[in-house]
Amino acid sequence: MTRYLLTRLGQALVIVILVTLITFVILHLLPGGAARAILGKEATLQQIAAFNHEMGYDRPLWEQYALYLRRLAQGDLGYSFQLNQSVGEAILQRLPKTMLLSLASTLLAVLIAVPLGVVQAVRRNRWPDYTINALALLAYATPIFFLGLLMIILFSQVWPVLPPEAPQGFTLADVLADPAGLVLPILSLTILTVAVYSRYIRSSMVDNLNENYVRTARSKGLSETRVIIGHTLRNGLFPVITLLGMYLPALFSGALVVERLFNYPGMGLLFWQAALKRDYPILLGVTLLISVATVAGALIADVLYAAADPRVRLKAGRS
Amino acid sequence: MTIPPPGTPTSGDPIPDTPAPSPPGHDPGPGHDPVTPGTPTPGPSAPGAAVPDEAPVRGMWRNGLEVFCENRLALAGVALFVLLAAFSFLGPLLYHTDQVHTDLTKVHLPPGTPGHPLGTDGVGYDQLGRLMLGGQTSIVVGLAAGLLATVVGTVWGAVAGFAGRWADAVMMRLVDAMMSIPALFLFMLMASIVTPTVPMLIIIIGAFAWLGPARLVRGEALSLRTREYVLAMRGMGGTGGRAVRTHIIPNAIGTVIVNATFQVADAILYVAYLSFLGLGVPPPAANWGGMLSDGLSDAFSGHWWLLYPPGIAIILIVLAFNFIGDGLRDVFEVRLRRR
């Protein structure tokens, strides 16, 4: 296990370093160069020269990259002159709200998708399977902002029970104080996530139901419920742990759209506003942070998977 | 993106392209998934695995076509795609509208107004004609980005899988790193640097979407390169390039085609998401996603004809490609038939 953990950790580290290399390259591809992009259109040549010198942008590229890494290691993601705030601070204010949105919808999605996927696998190629499959595909094919809008129309206009906008509080506590406003954003992200999860869970369960141990269990005379809940479910759900990690990039992408639609004051909205204003320090900072979060999430998922299923760590240790 | 967007799609590409061999899906997130590192799933080309029950002598393509046609949803997908493509590309030949000049005397006309069967939008464009124009962009960008991603990803994955060792490690870690940046964030970052035009949009989406196919093909390549016939060819002095060209790519083609179909669906969704986030192709160009996002602001003023038609069009085309992809999977992945 230790060996597996170390290998996996090393890989994650390499990926994070590569991600910083990508953001570094993008920073230097920015129109007019990094200084112009950060300081804005109105900056004078002197200001740009001074900024370049101060940031070390006049040194050789590899030295700049080393500097960039050192700043990142110190938690310095740069400074947004448009917000007049350090990037780290701007992100920290919004991060908890995005986490709330992502975690809540992931949790809900698992709770909904697991029973759906199991029902589909057990009744496969019959009407419950077809119905759920059709609904999941429909949800997947619907752009999430359209889905969200349909829910706003349904629940705020036709049958006005929920507010059409997300809570506008500044802190996490403010947001939590208005739970009604959270329902629609979380729900739209959940529906999209369920659409993806249930398909995976179905095929994982189907794979397991075709295994020999299931036949053995059945021929021992166990009831079908026992076979499914006691034997297959556990094995069939292991891969869901990795699925959680794998799905993170798509989840964050979805959160970006949902935050924009409901005007939810999270990291996605910050990113969107920065994209419209071409506020590159924020854009790069959020991109970097969200990628690191993705890598970390995948790492945690893989480690949990290995802890739950010894076959994984044994196989990985051997190769 | 969906989400995928969404996402995306998927992420990127969230719908499982290979209905999960024990670890779900082909898409082991960033980092090296312990179970899938190019798991050689006993694919369609496993020796002796691919014998169809009834008709052993018939050719692969003929047999494949038959399997495809047995899948009614796949046929419906093809029909839907042909219908939407004909509407978008042939429609303007029969139904002429001015989609360049605005006409502020004719804004928000309701459907059924003489000359405007689907009404007009906020600047006086005919909505039906605009749907045709928007469909062209959505379909072209989807197909082109899907194709670009598939070609780049296939070559990358085949080379990495075949080269092995450090080349493989370097190439695949790069894929891992890019995959760990959520697609929409990367798209927006790129779209905020260049002005999105149709070719640019294709490149931006294609430049990210090749990662999925690259992983898939690498997995296939890893399992294929130790097969006897490849070893035999190498033993006779064949080059690595020949192995990739004549053995690995043709053998992985099934997986690649299935994946490409889903790529197209995801690309169409990504175009919609980018338009919604304000980084789509600027007017007078149009695409269904952009029309749908414009329609959002009209939703509460009763202009339903600006919202539902483009929304339904997107759903239909994405569904069409998913149906086609499912049908193709039946054709190529023999192991999964009748499950």
Mind listing whichever residues of region A:27-38 are surrounded by fewer than 18 Cβ atoms within 10 Å (Cβ to Cβ) and hydrophobic (A, V, I, L, M, F, W, C)? A:29
So which residues in region B:112-169 are within 21 Å of residue B:198 (Cα to Cα) and part of a loop (DSSP other than H, G, I, E, B), if there are any at all? B:125
Of everything in region B:114-166 that's more than 15 Å from residue B:206 (Cα to Cα) and of a type in the set (Phe, Trp, Tyr), which residue is modelled with the highest pLDDT? B:166
Just checking, does region A:210-227 include any residue being in contact (Cβ under 8 Å) with a residue 40 or more places away in the chain and open to solvent by less than 50 Å² (accessible area, probe 1.4 Å)? no
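Let's see how each residue does on (1) open to solvent by 20 Å² or more (accessible area, probe 1.4 Å); (2) in contact with a helix residue (DSSP H, G or I) (Cβ under 8 Å, 6 or more places away or on another chain); (3) of a type outside the set (Lys, Arg); (4) not assigned by TED's automatic domain parsing to the domain that holds residue A:230:
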residue	(1), (2), (3), (4)
A:83	yes, yes, yes, yes
A:103	yes, no, yes, no
A:112	yes, yes, yes, no
A:116	yes, yes, yes, no
A:123	yes, yes, no, no
A:130	yes, no, yes, no
In the list B:241, B:237, B:206, B:280, which residue meets the criterion of being in contact (Cβ under 8 Å) with a residue 60 or more places away in the chain, of a type outside the set (Ser, Thr, Tyr), out of contact with any Asp or Glu (no Cβ under 6 Å at 6 or more places or on another chain) and away from chain A (no Cβ under 14 Å)? B:206
Just to be sure before I move on: is residue A:256 open to solvent by 10 Å² or more (accessible area, probe 1.4 Å), assigned to a helix (DSSP H, G or I) and within 11 Å of chain B (Cβ to nearest Cβ) in the structure I sent? no
The number of residues in region B:180-202 that are at the interface with another protein chain (Cβ under 7 Å from one of its Cβ atoms) and under 12 Å from residue B:280 (Cα atoms) is 2
Which numbered condition in (1) assigned by TED's automatic domain parsing to the domain that holds residue A:268; (2) free of Cβ contacts under 8 Å to residues at least 24 places away in the same chain; (3) buried (at least 18 other Cβ atoms within 10 Å of the Cβ) is the only one that residue A:99 fails? (3)
Evaluation of residue B:242 against (1) touching a Leu at 6+ places or on another chain (Cβ under 7 Å); (2) modelled with pLDDT under 85; (3) surrounded by fewer than 20 Cβ atoms within 10 Å (Cβ to Cβ) (one fails), failing number: (1)
Limited to region B:292-305, what total is found for residues that are within 12 Å of chain A (Cβ to nearest Cβ) and open to solvent by less than 70 Å² (accessible area, probe 1.4 Å)? 8
Looking at region A:132-142, which of the residues that are free of Cβ contacts under 8 Å to residues at least 60 places away in the same chain, of a type outside the set (Phe, Trp, Tyr) and open to solvent by less than 70 Å² (accessible area, probe 1.4 Å) is nearest to the other protein chains (Cβ to nearest Cβ)? A:141
Within the set of pairs 6+ apart or on separate chains, which have a first residue in region A:281-307 that is within 16 Å of residue A:9 (Cβ to Cβ), a second that is open to solvent by 10 Å² or more (accessible area, probe 1.4 Å) and hydroxyl-bearing (Ser, Thr, Tyr), and C-beta atoms under 7 Å apart? A:306/A:4
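The values are calculated or read from the model by the stated rules, or taken from the named source; none is laboratory data. Because the structure is a prediction, the values reported are computed rather than measured. In this analysis, Cβ positions are derived from the backbone assuming ideal geometry, glycine residues included, and neighbour counts consider all displayed protein chains. For the accessible areas, the whole protein counts, side chains as well, though only heavy atoms, and no ligand, DNA or RNA atoms are used. Shrake-Rupley method; radii C 1.70, N 1.55, O 1.52, S 1.80 Å.
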